[in-house]
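The structure appears below as structure tokens.
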Amino acid sequence: MTPIFDNTEIAFALKSDSELERAYFLFKMMSVEPLVRIGGAVTNFALKVHLPIEGLIRYTVFDHFCGGINETDCLPVINSMHEKGVSSVLDFSVEAKESEKEFDHARDVILNILEFCKEIKAIPIAVFKPSGFGRFHLYEKLSKGAGLTEKEQAEWNKVVDRFDAVCKKAKAYNVAVLIDAEESWFQNAADALVTAMMKKYNTEKAVVFNTLQMYRHDRMDFLKNEHEKAKTEGYFLGYKLVRGAYMEKERDRAEAKGYESPICKNKIATDENFNAGLHYMLDHLDSMSIFAGTHNESSSYLLMDLMEKKGLKPTDSRIWFGQLYGMSDHISFNLADKGYNVAKYVPFGPVKDVMPYLIRRAEENTSVAGQTGRELALITKEKKRRKT
Ligand SMILES: Cc1cc2nc3c(=O)[nH]c(=O)nc-3n(C[C@H](O)[C@H](O)[C@H](O)COP(=O)(O)OP(=O)(O)OC[C@H]3O[C@@H](n4cnc5c(N)ncnc54)[C@H](O)[C@@H]3O)c2cc1C
């Protein structure tokens, strides 16, 4: 594959000089691990005790990684990215909520986003998190095969109804809906529910997409089993393929509780598993669609390569590349420039509520040594290019 990701003029065409400087500053800060660890804790504390730091967060890390505090706030960013061929997935990034009122609110926000998807070409896909629609406790209990009390069962029925309302509307509007994956210890229940939705709504093509975290060593077997089931029962599969964002938490829990970690033994094993997933899905495109959520250049080149070898057009509607807003613009914008389907998650929500998301991004950019270095090198290259 001819390298395309080094073109920084295309990658940063939407960034003003000052936005480029801010990005440089942020990635530089995030490369210092203790700063991220202490910074995350201090920020959370400061927000809890109402210290006036929201403004500071808003104009630094928030504006870099988020589109705004509500859907309409995000529209300028969404429209300008779309002019460069990059679509958006509006991501309601409010996490760790626990009440029925909040779950109903999250469902209503997603239903409203589907209205946007129907009307606005730049937003072709919706997304939600299972934990946005129901309590962790219920998913966890069901995931380990424990029975629910009568009250819990009634509560779970409401979770199912929320999934169903969103997937039904997505199908009616012919809009894909991605369902994120979270911690492994409650994923079985989420998987079972998403499979039921696929069976119900993926009758002509994939509309409902589950997420496969390929840092889990059991995911290839899971994919193959799900494929067998879908073939027998006659529905299409949709999967967002990612490596996985909760590695340290997963390992710590497994160690603390004394069970085998679900995570691949090292990064190379995760990379191989992710790429095996790409191969498998590309080999079975007659019955599945893929959204490859990755900032990894090799995996992105591999997917392009597989598409070319199979004679598929970059615009093939069954294949999407995805990155997060504020990261890996060199991949998103260069892919879009070559005509591939690309969408960026554009997170939004009140500053305080998106903190868990922002801290995950900061930690990720610290722990993935290569990522920050790469972002910094590309920004530096672009700054130099602009000077000359
Ligand atoms: C559009 C999009 C949607 C996403 N949705 C989800 C989601 O629903 N659920 C979710 O969990 N994550 C999600 N993520 C985050 C994703 O899982 C990764 O954390 C992130 O993208 C970094 O991985 P990478 O493929 O970009 O590549 P890289 O930067 O090459 O890989 C980093 C990843 O490799 C794995 N890894 C690192 N070190 C090791 C090690 N020592 N042993 C084993 N594995 C290791 C980890 O998963 C780490 O995040 C999403 C990402 C994107 C871009």
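The values are calculated or read from the model by the stated rules, or taken from the named source; none is laboratory data. Worth saying up front: this structure is predicted, and the values here are computed from it rather than measured. We place every Cβ from the backbone using ideal geometry, glycine too, and count neighbours over all the protein chains shown. Keep in mind that these areas ignore ligands, DNA and RNA; they rest on the heavy atoms of the full protein, side chains included. Shrake-Rupley method; radii C 1.70, N 1.55, O 1.52, S 1.80 Å.
Can you tell me the relative contact order of the chain? Whole percent, Cα pairs under 8 Å, sequence separation 6 or more.
Working: 609 pairs, mean separation 101.4, N = 388.
Dividing the mean separation by the residue count of the chain yields 26 percent.
Just need the Rg to Rh number for the stretch 157-201, please, alpha carbons only, Kirkwood Rh. Before the final figure, lay out the partial values.
Working: Rg = 10.8 Å, Rh = 11.1 Å.
Using Cα coordinates only, the ratio equals 0.97.
If the viscosity is 1.002 mPa s and the temperature 20 °C, what translational diffusion coefficient in µm²/s does Stokes-Einstein give for the stretch 216-314 when Rh comes from Kirkwood over Cα pairs? List each step's numbers first, then the result.
Working: Rh = 14.8 Å.
The calculation lands on 145 µm²/s.
Cα convex hull of the stretch 297-342: mean projected area in nm², to one decimal? Working shown, then result.
On the way: hull surface 12.0 nm².
The orientation-averaged projected area of the Cα hull of the stretch 297-342 comes to 3.0 nm².
Rounding to the nearest 20 debye, state how big the charge dipole of the stretch 133-291 is about its Cα centre with +1 on each Lys and Arg Cβ and -1 on each Asp and Glu Cβ. Please report the intermediate quantities before stating the final value.
Working: 25 positive and 25 negative charges, 70 e Å.
Approximately 340 debye in magnitude.
Here is the link list: Lys168/Lys240; Lys344/Lys381; Lys118/Lys151; Lys144/Lys249; Lys171/Lys231; Lys97/Lys141. Which ones come out longer than 29 Å on Cα distance?
On the way: Lys168/Lys240 19 Å; Lys344/Lys381 23 Å; Lys118/Lys151 36 Å; Lys144/Lys249 18 Å; Lys171/Lys231 20 Å; Lys97/Lys141 18 Å.
In this structure, Lys118/Lys151 exceed 29 Å between Cα atoms.
Just the number, please: carbon plus sulfur as a percent of the accessible area of the chain, 1.4 Å probe, no ligands or DNA/RNA counted. Numbers along the way, then the final one.
On the way: 9440 of 17330 Å².
In the chain, the share of accessible area belonging to carbon and sulfur is 54 percent.
Give me the extension gain from Arg251 to Lys151: residue separation times 0.36 nm, minus the current Cα-Cα distance, reported in nm with one decimal. Could you put the intermediate results ahead of the total?
On the way: separation 100, 0.36 × 100 = 36.00 nm, distance 3.27 nm.
Between Arg251 and Lys151, full extension yields 32.7 nm more.
Please list 202-212, 116-126 highest first by mean number of surrounding beta-carbon atoms within 10 Å per residue. Walk me through the intermediate numbers first.
Working: 202-212: 21.9, 116-126: 18.5.
With the highest mean Cβ count within 10 Å placed first, the list reads 202-212, 116-126.
Tell me, rounded to the nearest percent, the portion of alpha carbon pairs in the stretch 74-179 spaced more than 17 Å apart.
Details: 3095 of 5565 pairs.
That fraction is 56 percent.
For a quick size check, give me the Cα extents of the stretch 141-245 along its three principal axes, largest first, whole Å.
36, 35, 28 Å, listed from the longest principal axis down.
From the phi angles alone, apply the Karplus equation (6.51, -1.76, 1.60; θ = phi - 60°) to the stretch 289-305 and give each ³J(HN,Hα) in whole Hz, x where the residue is Gly or Pro.
So the Karplus estimates, Gly and Pro as x, are 10, 10, 10, 8, x, 8, 9, 7, 5, 4, 5, 5, 5, 4, 5, 4, 4 Hz.
Please report the spacing between the Cα centers of the stretch 336-365 and the stretch 110-167 in Å, no decimals.
21
Can you tell which of Glu248, Glu71, Glu182 shows the greatest fluctuation in a Gaussian network model of the chain with Cα springs below 10 Å?
Result for the chain, Cα springs under 10 Å: Glu248 fluctuates most.
Pick out, from Thr195, His217, Met247, the residue whose Cα sits farthest towards the positive end of the charge dipole of the stretch 191-249, with +1 on the Cβ of Lys and Arg and -1 on the Cβ of Asp and Glu.
It is Met247, whose Cα lies furthest towards the positive end.
Based only on the alpha carbon positions, what is the Kirkwood hydrodynamic radius of the chain, in angstrom?
On the way: mean 1/r = 0.0465 Å⁻¹.
Value: 21.5 Å, from the Cα pair sum.
For the stretch 121-135, just list the computed ³J(HN,Hα) in residue order, Karplus coefficients 6.51, -1.76 and 1.60, θ = phi - 60°, integers in Hz, with x standing in for Gly and Pro.
4, 5, 10, x, 9, 10, 8, 8, 9, x, 5, x, 10, x, 6
Which one, Asp252, Asp305, Asp191, has the greatest fluctuation when you compute a Gaussian network model over the chain with C-alpha springs under 10 angstrom?
Largest GNM mean-square fluctuation: Asp252.
Assigning unit charges at the beta carbon (Lys, Arg +1; Asp, Glu -1) and nothing else, what dipole magnitude in debye, to the nearest 20, does the chain show about its Cα centre?
400
Per 10 Å bin from zero, what fraction in whole % of the C-alpha pairs of the stretch 309-368 is there, up to the bin with the longest pair?
Calculated over all Cα pairs of the stretch 309-368, the distribution is 19, 39, 27, 13, 2 percent.
5 Å is the cut-off here: which amide hydrogens, built 1.01 Å from N in the peptide plane, fall below it relative to Ala292, excluding neighbours closer than 5 in sequence?
Answer set, sorted by chain and number: Leu241, Trp320, Phe321, Gly322.
For the stretch 286-388, take the convex hull of the Cα atoms, compute a quarter of its surface area, and give me that in nm², please.
On the way: hull surface 34.8 nm².
One quarter of the hull surface, i.e. the mean projection, equals 8.7 nm².
With θ taken as phi - 60° and the coefficients 6.51, -1.76 and 1.60, list the Karplus ³J(HN,Hα) couplings across the stretch 312-329 in order, rounded to whole Hz; mark glycine and proline as x.
8, 6, x, 8, 3, 5, 8, 10, 10, 9, x, 10, 9, 4, x, 9, 6, 4
What accessible area per residue, rounded to a whole number of Å², is obtained for the chain using a probe radius of 1.4 Å? Walk me through the numbers on the way to the answer.
Values: 17330 Å² over 388 residues.
For the chain, the solvent-accessible area averages 45 Å² per residue.
Only helical DSSP H runs with n ≥ 4 go in: add -39500 (n - 2.57) per run for the chain, normalise by residue count and round the 222 nm mean residue ellipticity to 500 deg cm²/dmol. Can you show the working numbers first?
Details: 17 runs with 215 residues, N = 388.
Value at 222 nm, helices only: -17500 deg cm²/dmol.
Which of Asn273, Asn296, Asn157 moves the most in a Gaussian network model of the chain with Cα springs under 10 Å?
Evaluated over the chain, the most mobile residue of the options is Asn157.
Suppose each label sits 7 Å from its Cα in the direction of the beta carbon; what would the Glu100-Ser287 distance come out to in nanometres?
Going by the 7 Å Cα→Cβ label model, 4.0 nm.
Search the structure for amide H atoms under 5 Å from the amide H of Val177, placed 1.01 Å from N in the peptide plane, and list their residues when 5 or more places away or on another chain.
Long-range HN contacts for Val177: Ala126, Val208, Phe209.
Place a +1 charge on the Cβ of each Lys and Arg in the stretch 270-334 and a -1 charge on the Cβ of each Asp and Glu, then give the dipole magnitude about the Cα centre in debye, rounded to the nearest 20. Intermediate results must be reported in sequence, preceding the final value.
Values: 4 positive and 9 negative charges, 43 e Å.
Value, rounded to 20: 200 debye.
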